[in-house]
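What follows is a single structure, written as structure tokens, with notes after it.
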Amino acid sequence: MIEIHDLHKDFGDLKVLKGVDLKIKPGEVVSILGGSGSGKSTLIRCINGLEKITSGSIFVDDFDVRNKKDLMEIRKRCSTVFQQFDLYPHLSVLDNIALAPINVLKQNKKDAKIKAMELLRSVELEEKASVYPAQLSGGQKQRIGICRALAMEPNYLLLDEVTSSLDPEMTAEVLVILKKLAKEGITMISVTHEIGFAQEISDRIVFLDEGKILQNLSKDEFFSDEGGKSDPRIAKFLSKMGNQ
Ligand SMILES: Nc1ncnc2c1ncn2[C@@H]1O[C@H](COP(=O)(O)OP(=O)(O)OP(=O)(O)O)[C@@H](O)[C@H]1O
Ligand SMILES: [Mg+2]
């Protein structure tokens, strides 16, 4: 379980997260929605300790993000995929996926590569195993990014706008993979602007507004006229995103 309590994050004078409380249970798929600059990426980065929190607490399976000794364990449990593809350009696709399992999880090289091949097969890219990232399309890079995150056998998959730099066709390719993972029961926290996708895969929707959680509702409640949409801020956001 991920437990966030009264989380504040400031960058100098700028208060970005202003008292966020959130619990994510194993197996849940939670989408985080909200306007640009509302603090969604910052929240994701705080969970795996990429940003130092200003006050409050975050526990991942009882490991404390403020505790340096716990951070390594938290990062193993929470794999993150970002909007920008951050594959290592000098490594083949297969080595990109197998690197962290070998270095961090201390898997032997052969096993890590067998597992990496299985992951590549699951995203239908096994024929790309020996090519370098520069030879891949954006959608392919992002599918490899997801494989790399899954190779760490995380308890939680954190996704930050993984499709926002992709064209519609490539977006669809990546969303298919994520839908499959959600069905398989992985715990997923996904920041997204793909409202239809959020509606399809999520158990719960969290709406962040100016650093605070405005609504934290089951998917059905969030998208109902009496629930989330009765909040003018959310109704406006959804209509702007093309979801009436
Ligand atoms: N490292 C940083 N230093 C200073 N300010 C930052 C830093 N990272 C983020 N911010 C600021 O914090 C605020 C929230 O940023 P964040 O990236 O979390 O927003 P977001 O909700 O993910 O937005 P978007 O939808 O555009 O990705 C913004 O005002 C941003 O400029
Ligand atoms: Mg962001």
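The values are calculated or read from the model by the stated rules, or taken from the named source; none is laboratory data. Everything quoted here is computed from the prediction, not taken from an experiment. Neighbour counts are summed over all protein chains in view; Cβ atoms, including those assigned to glycine, are modelled from backbone coordinates with ideal geometry. We work out accessible area using only protein heavy atoms, side chains counted, and drop any ligands, DNA or RNA first. Shrake-Rupley method; radii C 1.70, N 1.55, O 1.52, S 1.80 Å.
Charge tally around D160: other residues with Cβ under 14 Å, Lys/Arg +1 each, Asp/Glu -1 each, net -2. Taking a straight line from the alpha carbon of K18, these aspartates and glutamates sit under 13 Å away, with near neighbours fewer than eight places off in the same chain left out: D6, D10, D209, E210. Around L105, what is the net charge, scoring Lys/Arg as +1 and Asp/Glu as -1 over all other residues with Cβ under 11 Å from its Cβ? Net charge around L105: +1.
Taken per residue, the accessible surface of the range 30-82 reaches 43 Å², heavy atoms only and a 1.4 Å probe.
Taking the protein heavy atoms of the chain in the context of the full set of protein chains, the accessible area attributed to carbon and sulfur is 49 percent at 1.4 Å.
A 1.4 Å probe run over the range 172-244, with the rest of the protein chains in place, finds 49 Å² accessible per residue. Structure note, pairs K76/K229; K25/K212; K179/K219; K25/K183; K40/K236: Cα-Cα distances above 25 angstrom occur for K76/K229. Straight-distance candidates among the aspartates and glutamates for linking to K115, with alpha-carbon spacing under 19 Å and chain neighbours fewer than 8 residues away dropped: D95, E124, E126, E127, E153, E184. Other residues lying with their Cβ under 15 Å from the Cβ of D95 contribute a combined charge of +4, Lys and Arg counting +1, Asp and Glu -1. The HN-Hα couplings worked out from phi for the range 78-88 by the Karplus form 6.51 cos²θ - 1.76 cosθ + 1.60 (θ = phi - 60°) are 10, 8, 10, 10, 9, 5, 7, 6, 10, 6, 6 Hz, whole numbers, x standing for Gly and Pro. Backbone amide hydrogens, once placed in the peptide plane, bring L208 within less than 5 Å of L33, G34, L214, excluding anything fewer than 5 places away on its chain. The peptide list 192-203, 18-29, put in order of mean Cβ contacts within 10 Å with the highest first, becomes 192-203, 18-29. Working value for the chain: equivalent-ellipsoid semi-axes of 30, 22, 15 Å, each the square root of 5 times a Cα gyration tensor eigenvalue, largest first. For the range 20-79 and the range 171-244, compute the distance between their C-alpha centroids and round to whole Å. Here the answer is 18 Å between Cα centres.
Summed over all non-identical Cα pairs, the Kirkwood treatment of the range 7-70 gives a radius of 12.6 Å.
The ratio of the alpha-carbon radius of gyration of the range 157-211 to the globular-protein estimate 2.2 N^0.38 Å is 1.11. For the range 99-244, the relative contact order is 15 percent, taking Cα pairs closer than 8 Å that sit 6 or more residues apart in sequence and dividing their mean separation by the residue count.
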